[in-house]
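The values are calculated or read from the model by the stated rules, or taken from the named source; none is laboratory data. Predicted model only: the values in this text are computed from it and were never measured. We place every Cβ from the backbone using ideal geometry, glycine too, and count neighbours over all the protein chains shown.
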Amino acid sequence: MKKEYESLDAFYKGYFLIGHKHKYTKLFHFVAIGGAIILGITFFITLDYWFLLAGFAVGYGLSIVSHYLFEKNEPATYSYPVYSFFSAFRMFFEILIGRHRIF
């Protein structure tokens, strides 16, 4: 039975970050979310749904692959899809401001 978290912050600190310890997992997530953001912006500019589909494929594809290659664990998105989605963006912005090392 999966644990229920009281907040996104509790999930992020108590589950998400624990499953994202490897710097290359964080790097893959950073590239994935950055690519998804760029493709999402392109979708809104062009209204071409292929960019939206590509954004999901890049965002989830690279992120999921990194768990099997580096962390050797199951992606959080399988058990907690909503919390995981928002946590990935939080980690992306925390990497941008230097809270997590990816190199």
Can you tell me which residue within the range 54-86, out of those that are assigned to a loop (DSSP other than H, G, I, E, B) and among the polar types (S, T, N, Q), is surrounded by the fewest Cβ atoms within 10 Å (Cβ to Cβ)? Ser79
Would the range 51-62 turn up any residue that is modelled with pLDDT of 95 or more, of a type outside the set (Gly, Ala, Ser), out of contact with any Cys (no Cβ under 8 Å at 6 or more places or on another chain) and on the phi > 0 side of the Ramachandran plot? no
Search result, residues across the range 1-38 that are of a type in the set (Val, Ile, Thr) and assigned to a loop (DSSP other than H, G, I, E, B): Ile18
Output the residues belonging to the range 87-101 that are exposed (fewer than 14 other Cβ atoms within 10 Å of the Cβ) and touching a residue at least 60 places away in the same chain (Cβ under 8 Å). Arg101
With the requirement that a residue be farther than 21 Å from Leu96 by Cα and touching a residue at least 40 places away in the same chain (Cβ under 8 Å), what does the range 16-44 give you? none
Output the number of residues of the range 1-42 satisfying the condition of being over 20 Å from Ser79 (Cβ atoms) and buried (at least 19 other Cβ atoms within 10 Å of the Cβ). 3
